[in-house]
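Enquirer: Supplied in structure tokens, the structure appears directly below.
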Amino acid sequence: MMPDANVSMSQSSTHKRRRGSFRNRIAFYLLAIGSACGLGNIWRFPYVVGENGGGAFLLVYIFLSLTIGLSVLIAELIMGRTNEASLLKITRKVSVQNKKSFFWFGRLSLFISLVILAYYSVISGWVLHFLTQFLVGLFRSDRMHYLGNISMNVLNENGLLQFALASVHLLICGFIVLRGVTERFEKILTAVLPLFGILVFLILTRSLSLPSSPEVLRFLFYPDFSKLNLTSLGHAMGHVLFTLSLGMGVLVTFGSYFKEDEHLPTLGVRVTLVDTIISIVAVLMIFPIAFSISNKPLTDPSLLFEALPQLFLKIEYGEYFGLAFFLCLWVAALNASIALLETLISNLSDRFQQANRFSAAWLVILVTLFLTVFPAFSGTLFKNIKLLNQSLIENLDSVLINYLLPISVLGMIIIFFKSINEIDYKEKFVNESSESSQMLVKNWIWVLKWLAPFLIILGLILQFFSVIKNSFLK
Ligand code: TRP
């Protein structure tokens, strides 16, 4: 969870959490990893891989994650720590120093956080729906029959239900943040995440024993490069940035509360590795089930929700597994939503000093609630709003993650170099006890200065071409 850099309560909890003991350190890592791992890994990644043709896309994704994702992640953390401020404050400082309007980047990234929070709440609402279905199922005599019938259809046909669930999710986040019970929630999270890991591992082994798994392994590990197209680079880039929570100022705030003795690049490497591994595990867990279903939903956002319950129905005590799985997933989603909410609140109260935390929080919650209307009613009230043959929610996802997020990260890189001088960032990166960091510092800077901007811009241009091709050249 994201502690708020401005709030003394959070700062004192930060001090409490400062290393020292091994236990604290583990909790600390779990928190960092917790903000990266969420619906992006378990829900979004599998269908994005399905949509983009499997193995070749997976390779591009892994490459981008370990180069650009990792470098930007470290840069955001170092930027937060060196400036000891939230993103909006840093961009204003840089703007004043350079007499240029860099603050637009700060605003863009907060705008993205806000809309992503709304979108994320709707998907968390879907998780909540499956969670309650499994819970209700336990109390019914026709349990298996009941669970056999749960599907996305109920949600797809009922925008109001989606909106209601998203609202419940958001209000719970608001409650946790405003009641100052984030510490208690963190404790729950540190218990839930390892449990989630074990659960995923068990489901994975069962799933890989399905007869469809050789076909899945071929699909994922024999890259067919002819499947790559104009949008592949942009989609992989967007997802890397999203899954590592980059481009939204979240890690900047996070970095501002880390203390000097934590080596941020090491933390960055571990978070990136764990996040990438979890994404791959999620794909391996879900695809064998999806491949066994006659009309595979591989390329659809409903993939996770259509596939997993099928497996739970087949295994002994599956209903309990289902319940536990969706509960853990929802806690992870809550954690991510709280991190987004905290960042928005802390930036707002940073910017408008007279605004207290309470009103800032309510403002963010109300605006987000309003924004959830669009994704929630995308399949019902707004079903006729189509662009490029895609529904409102699909367009929202694509514009936010594949276009705006990379642009925001470009801004973040510029702000990074403008807000910190070379000696400072090198010093923060290099750790005397780690020789590799002295060798890697040059590569890190090269990726940030050249590779990341080049591939981000190339990805954007190629996607743009693809839009033009699809809309005019048909
Ligand atoms: N990385 C999160 C996931 O994979 C999603 C996310 C994006 C996020 N930006 C964030 C979470 C900011 C917390 C804060 O699900």
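Enquirer: Under 6 Å between Cβ atoms, which residue pairs at least 6 apart in sequence (or on different chains) link something in region 97-120 that is open to solvent by less than 60 Å² (accessible area, probe 1.4 Å) with a partner that is hydrophobic (A, V, I, L, M, F, W, C) and not in a helix (DSSP H, G or I)?
Expert: The qualifying pairs are SER109/MET248; ILE112/MET248; SER113/MET248.
Enquirer: Let me ask something else. Mind checking which residues of region 36-63 are surrounded by fewer than 24 Cβ atoms within 10 Å (Cβ to Cβ) and either within 14 Å of LEU233 (Cα to Cα) or more than 16 Å from the ligand (Cβ to nearest atom) (or both)?
Expert: Of everything in region 36-63, those that are surrounded by fewer than 24 Cβ atoms within 10 Å (Cβ to Cβ) and either within 14 Å of LEU233 (Cα to Cα) or more than 16 Å from the ligand (Cβ to nearest atom) (or both) turn out to be GLY50, GLU51, ASN52, GLY53, GLY54, GLY55, ALA56, LEU58, LEU59, VAL60, ILE62, PHE63.
Enquirer: Could you please find all residues in region 135-190 being open to solvent by less than 50 Å² (accessible area, probe 1.4 Å), farther than 24 Å from ALA118 by Cα and part of a helix (DSSP H, G or I)?
Expert: Listed by number, the residues that qualify are GLY137, LEU138, TYR146, LEU147, GLY148, THR190.
Enquirer: Moving to a separate point now. Take the residues in region 289-321 that are surrounded by fewer than 19 Cβ atoms within 10 Å (Cβ to Cβ) and hydroxyl-bearing (Ser, Thr, Tyr), then tell me which one is nearest to LEU131 (Cα to Cα).
Expert: It comes out as TYR320.
Enquirer: Does ILE278 qualify as being modelled with pLDDT of 90 or more and open to solvent by 50 Å² or more (accessible area, probe 1.4 Å)?
Expert: yes
Enquirer: Here is a follow-up. Residues that are of a type in the set (S, T, N, Q) and over 26 Å from the mean Cα position of the chain (by Cα): does region 149-171 have at least one?
Expert: Taking every residue of region 149-171 in turn, at least one turns out to be of a type in the set (S, T, N, Q) and over 26 Å from the mean Cα position of the chain (by Cα).
Enquirer: All but one of (1) away from the ligand (no atom under 16 Å from the Cβ); (2) open to solvent by 20 Å² or more (accessible area, probe 1.4 Å); (3) more than 28 Å from PHE321 (Cβ to Cβ) hold for ALA85, so report the exception by its number.
Expert: Answer for ALA85: the failing condition is (2).
Enquirer: Next up: Kindly establish whether SER141 is farther than 30 Å from TRP362 by Cβ and of a type in the set (Gly, Ala, Ser).
Expert: Criteria met by SER141.
Enquirer: Just the residues that are crowded, with 23+ Cβ neighbours inside 10 Å and over 21 Å from ASP397 (Cα atoms), please, taken from region 121-133.
Expert: PHE130
Enquirer: From the list LEU241, LEU246, which residue is outside any helix (DSSP H, G or I), open to solvent by less than 10 Å² (accessible area, probe 1.4 Å) and under 27 Å from SER86 (Cα atoms)?
Expert: The match here is LEU246.
Enquirer: Considering each of LEU110, LEU117 in turn, give the residue that is within 16 Å of the ligand (Cβ to nearest atom), over 25 Å from LEU313 (Cα atoms), within 16 Å of the chain's Cα centre (by Cα) and at pLDDT below 95.
Expert: Answer to the selection: LEU110.
Enquirer: Does PHE254 satisfy the criteria of being within 16 Å of the ligand (Cβ to nearest atom) and open to solvent by less than 10 Å² (accessible area, probe 1.4 Å)?
Expert: Considered against the rule, which asks whether it is within 16 Å of the ligand (Cβ to nearest atom) and open to solvent by less than 10 Å² (accessible area, probe 1.4 Å), PHE254 comes out as yes.
Enquirer: With the condition kept exactly as written, say whether any residue in region 2-10 is at pLDDT 95 or above and touching a helix residue (DSSP H, G or I) at 6+ places or on another chain (Cβ under 8 Å).
Expert: no
Enquirer: Just to be sure I understand, how many residues within region 203-228 are touching a residue at least 12 places away in the same chain (Cβ under 8 Å) and surrounded by 15 or more Cβ atoms within 10 Å (Cβ to Cβ)?
Expert: Residues in region 203-228 being touching a residue at least 12 places away in the same chain (Cβ under 8 Å) and surrounded by 15 or more Cβ atoms within 10 Å (Cβ to Cβ): 13 in total.
The values are calculated or read from the model by the stated rules, or taken from the named source; none is laboratory data. Worth saying up front: this structure is predicted, and the values here are computed from it rather than measured. All Cβ positions, even for glycine, are placed from backbone atoms using ideal geometry, and neighbour counts span all protein chains on display. Side chains are part of the model used for accessible areas, which takes the heavy atoms of the whole protein and leaves out ligands, DNA and RNA. Shrake-Rupley method; radii C 1.70, N 1.55, O 1.52, S 1.80 Å.
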